[in-house]
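Each remark here refers to the structure printed beneath this line.
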Amino acid sequence: MARAFLIVMDSVGCGGAPDAADFGDAGANTLGHIAAECAAGRADQGRSGRLRMPQLDALGLGAAIELASGARAPGFEATPRGFWGAATEVSRGKDTPSGHWELAGVPVPWDWTYFPDDTPAFPPDLVALVCKLAGTEGILGNCHASGIPIIEKHIAAHLRTGWPICYTSADSVFQIAAHEEAFGLERLLKLCADLAPTLHAMKVGRVIARPFTGSLENFHRTANRHDYAMDPPAPTLLDWVAGAGRATHAIGKIGDIFSMKGVGALHKGKNDIDLFDHLDRLNVEAEAGSLTFANFVEFDSLYGHPRDVAGYARALEWFDARAGAFLARLQPDDLAIFTADHGNDPTWRGTEHTRERVPVICAGAGMGSLGLRAFVDVGASVAAHLGVPSLGPGRSFL
């Protein structure tokens, strides 16, 4: 019985979103701009020369970039031997839940709530609730920020007062950073879990626990991050497959993103290396008829937001090499789809996600162009491959 592997390269967009200007992102192209920077010799830290992704390019990645954005990416010159195209999102957010839910067949039917880019960013009643739940007299931060700089700014006060560091971004999120030992990891997780229902009622998509450890001069965020996301607004691909009595495996953030709805087994790790080890293991062990849904977050978290072009390029090349070995071990009836949830162009202004189309690269589905499709078509196509009912608006491209 056929198996399916849906693999999300978090933030690996390919430009060309028709509504990019509405988000201030007209011209953003994560893959295209990284490739251009590499070709120009401006991304040679820890690597050199053109961006090299021969495995996914052979399946159609370069062709997908050109289809999505009209730009030919240097270094992507293969004649595709896979089934390739690009997908366009309709949900009104360029965030993780919106992208993943829509890929899994369910567009977001509401507008997310975003906090203003002011200081303070949070309304007084919300701050009071955080203080009550945390048992503190105040909070630190209360602004838009990136994770490492906000901890650097407030770690001394955090360790002195015990107040949580609260911040947001251009996404619909409320993030809380706290020291695992001084504040307590379980205390932080409970605070986020207790706060989440209030934020979700406000249509804030996620409350994110951001634990860290170490000293004033040498701290680091740990792998114990946890996202408390809203439930998807309708059953998703994971529910469709589980409802048909099939096994479902979630790798990385997928369990958090879908609030464990439809998730049979969860596989987490400290980094993307661990997550790819899980993917390789499931390539051998996953049951007939099963769905494995994976998210590889470090493109986004380690390289997109910090605007590290060379680091992003190194991660893409590492991933491509691992993908080649993974593809070589697929069973004859398996389907593997490589895609993304949004963009995060490291050459772009600011530090936030960018509105882009995403590549859709398929192994095990024949050869040719699937054209420009909707995000929801990905979920419908996986369901069609597995022979389970598709309960969303998407149309299979298989």
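We did not get these values from a lab; they are worked out from the coordinates using the rules stated. This structure is a prediction, so every number in the text was calculated from the model and none was measured. Neighbour counts run over all protein chains shown; Cβ positions are idealised from the backbone, glycine included.
A few comments on the model shown:
- For peptides 362-371, 131-140, 78-87, sequence by mean Cβ density within 10 Å, most packed first: 78-87, 362-371, 131-140
- Ratio of the Cα radius of gyration of the stretch 322-365 to 2.2 N^0.38 Å, where N counts its residues: 1.58
- Cβ-defined net charge surrounding I257, 11 Å radius [Lys, Arg +1; Asp, Glu -1]: -3
- Legend: ranking of residues E298, E285 from fewest to most surrounding C-beta atoms inside 10 Å; resulting order E285, E298.
- Classified by the C-alpha gyration tensor, the stretch 1-149 has a prolate form. Its axis ratio a/c, with a ≥ b ≥ c, is 1.5 or above, and a/b is larger than b/c.
- Shape category assigned to the stretch 101-221 from the gyration tensor of Cα positions, a/c cut at 1.5: prolate
- Three-way shape label, the stretch 359-398, alpha-carbon gyration tensor, a/c 1.5: oblate
- Positive contributions from Lys and Arg (+1) and negative ones from Asp and Glu (-1), summed over other residues with Cβ under 15 Å from the Cβ of A288, come out at -2.
- Ranked by the mean number of other Cβ atoms within 10 Å of their residues, highest first, the peptides 263-275, 95-107 come out as 95-107, 263-275.
- Summing charges over all other residues whose Cβ lies under 10 Å from the Cβ of V207, with Lys and Arg as +1 and Asp and Glu as -1, gives -1.
- Stretching the chain fully between D308 and A321 yields a gain of 2.6 nm (0.36 nm per residue, less the alpha carbon separation).
- Each of M230, M260 has some number of other Cβ atoms within 10 Å of its Cβ, and from fewest to most they run M260, M230.
- Size of the stretch 1-70: Rg and Dmax of its alpha carbons, in Å, are 14.4, 47.
- From most to least packed by mean Cβ count within 10 Å, the peptides 8-18, 304-314, 189-199, 51-61 give 8-18, 51-61, 304-314, 189-199.
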